[in-house]
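The values are calculated or read from the model by the stated rules, or taken from the named source; none is laboratory data. Since the structure is predicted, the reported quantities are computational estimates derived from the model, not experimental observations. Positions of Cβ are generated from backbone atoms using ideal geometry, with glycine treated the same way; all protein chains shown enter the neighbour counts. Ligands, DNA and RNA are excluded from the accessible area calculation, which covers all protein heavy atoms including side chains. Shrake-Rupley method; radii C 1.70, N 1.55, O 1.52, S 1.80 Å.
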Amino acid sequence: MTARTAAPVPPGTTSIAPADVAASRRELAAKVDAPPLGRWGQLVLGVLCMSMIANLQYGWTLFVDPIQQKFGWERTAIQWAFTIFVVMETWLVPIEGWFVDKYGPRLVTIFGGALCALGWVMNSYADTLTMLYAAAAISGVGAGAVYGTCVGNALKWFPDRRGFAAGLTAAGFGAGSALTVIPIANMIRDSGYQHTFFVFGLGQGLVVMLAALLLVSPSAAFKDRMLAGRTATVNTVTRRQYSTAEMVRTPVFWLLYLMFVMMAAGGLMAAASLAPIAKDFKVAGVEVSLIGITLPALTFALTIDRVLNGVTRPFFGWVSDKIGRENTMVIAFMIEGAGILALGMFAHIPMAFVLLTGLVFFAWGEIYSLFPATCSDTYGDKNAAANAGLLYTAKGTAALLLPILLMIQAKTGSWQNVFYAASGMAFLAGFLALFVLKPMRARFIARS
């Protein structure tokens, strides 16, 4: 047999290196799919929208005690509104994601922003638990529409940096309330919680609707052009594009779902109950000095927690792009379990309360970058908004565990058993990530 030789280069022409061809293709992709402000601008718009809906979840804890003081409702009854919000925020995301995949992100995000504003305005007038629950449901649907759209859009625009892009977008939801914790707390103190609901509800919803006007999706061929010529990464990516119906028939999805539920439950408990926990441990109003700043322990914790809960999402997303999704999961999940255990032991110390809640939120927030990125790696990104949205419903399922955890606290008069349960789920999720999910997903992608 004769050796195959390269075709001769015609006179007057020069050969082009494969790397140059790949770079040219990526440059062409950027020109052909030129959205308003570029693809990085699309990412920034997503982060902005997420920041505007962050208070619906992370600012809620500031309203619980004022509502209880005004109407005398039991804390558990009030917190059902939080559970309803999370359920509605998550369980409808697959439907909203289907609309995004089919019609684009703009209309869905405008719709979501309007409902977020309406929900908080209703909260400002709610004088019955029924109305409070209805407002929670409406704002939950709106927040889910915005959340699912922005994460799905990030996954589509950044097939080459899925973990980082999903994490940076989710960071808006995690850290978006950091800058408004003190203004909200001050407005509640000076003008009442109802006025605060009204003002922030209208303001946040309006910003979301304005930003949504510039959101667009990339073309179907964009991913292939962006990935052209790239070397293999530590994360194996499927070549097949799975529909949502196909995805739910695979064991890998349900393992991811179970792990998401276990990790989300502990974090939601902390997010919803941080103020009551601080009050019960008698540290809420104790001043703490850190990095030259002095604030009451609860206010300090809320601010640091929001920042770290946002920073962790792009950070661990970036790490997972480098060392693998499951390897990153086990590191973060073990830190979460240890942090919750330590919080149960030392929460009565104001400085420890601030630092340990920060650690808990830092090790929890990454689930909102790791799970969407893992989902798209496994099932493709053609239906990213719907598929990642269905996985995101695990957060709503986890919210149903919140009343159970709070009931345990109410019956025992102690938070210790709640902390034990939450840390145990985090440790178990870490074990499953390394020893079950990693080999199972590798076999699944190899077959597909």
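Computed 3J(HN,Hα) for segment 299-309, one whole-Hz value per residue from the Karplus formula 6.51 cos²θ - 1.76 cosθ + 1.60 where θ = phi - 60°, is 4, 4, 4, 4, 5, 5, 4, 5, 5, 5, 5, glycine and proline marked x. Note on the chain: with neighbouring protein chains present and a 1.4 Å probe, carbon and sulfur make up 68 percent of its accessible heavy-atom surface. With a Förster radius of 51 Å, plug the Cβ-Cβ distance of Glu287 and Ala446 into 1/(1 + (r/R0)^6) and report the FRET value to the nearest 0.05. The calculated FRET efficiency here is 0.35. Quick note on the chain: its Rg to Rh ratio, both from C-alpha atoms and Rh being the Kirkwood radius, is 1.02. Within a straight-line Cα-Cα reach of under 24 Å, Lys322 can be paired with the following lysines, leaving aside sequence neighbours fewer than 8 residues apart in one chain: Lys156, Lys223, Lys382, Lys438. Taking a label point 7 Å from the Cα of Ile323 along the Cα→Cβ vector, which residues of segment 372-386 have an amide N closer than 13 Å to it? Within reach of a label on Ile323: no residues.
Please sort 253-259, 357-363 by packing, taking for each peptide the average over its residues of neighbouring beta carbons within 10 angstrom, highest first.
Taking the mean over residues of other Cβ atoms within 10 Å, the ranking is 357-363, 253-259.
When both segment 292-317 and segment 58-104 are represented by their alpha-carbon centers, they are found 22 Å apart. Here the alpha carbons of segment 42-101 define both size measures, Rg and Dmax, at 15.1, 45 Å. Ligands, DNA and RNA are left out, and with a 1.4 angstrom probe the accessible area of segment 340-388 is 23 Å² per residue. Compute the acute angle (0 to 90°) between the alpha-carbon long axis of helix 38-53 and the principal axis of greatest extent of the alpha-carbon atoms of the chain; round to the nearest 10°. Computed tilt is about 20 degrees. Relative to the longest principal axis of the Cα atoms of the chain, the long axis of helix 18-32 lies at roughly 60 degrees. For the Cα atoms of the chain, what angle does the longest principal axis make with the long axis of helix 93-103, in degrees from 0 to 90, nearest 10? Taking Cα atoms only, the helix is inclined about 40 degrees.
Of all aspartates and glutamates in the structure, those lying under 15 Å Cα to Cα from Lys279, and not within fewer than 8 positions of it along the same chain, are Asp65, Glu287. With all protein chains kept in place, the per residue accessible area of segment 66-138 amounts to 45 square angstrom at a probe of 1.4 angstrom. Here the 3J(HN,Hα) profile of segment 415-429, calculated from phi with Karplus coefficients 6.51, -1.76 and 1.60 at θ = phi - 60°, is 8, 4, 5, 5, 5, 4, 5, 5, 5, x, 5, 5, 4, 5, 4 Hz, Gly and Pro shown as x.
Taken one residue at a time, the phi angles of segment 340-347 give Karplus couplings (6.51, -1.76, 1.60, θ = phi - 60°) of 5, 4, 5, 4, x, 7, 10, 5 Hz. Gly and Pro are set to x.
When peptides 381-393, 268-280 are sorted by average Cβ neighbour count within 10 Å, with the highest value leading, the order is 381-393, 268-280.
Ellipticity at 222 nm from helices only: DSSP H runs of n ≥ 4 in the chain, each -39500 (n - 2.57), divided by the residue count, give -25000 deg cm²/dmol.
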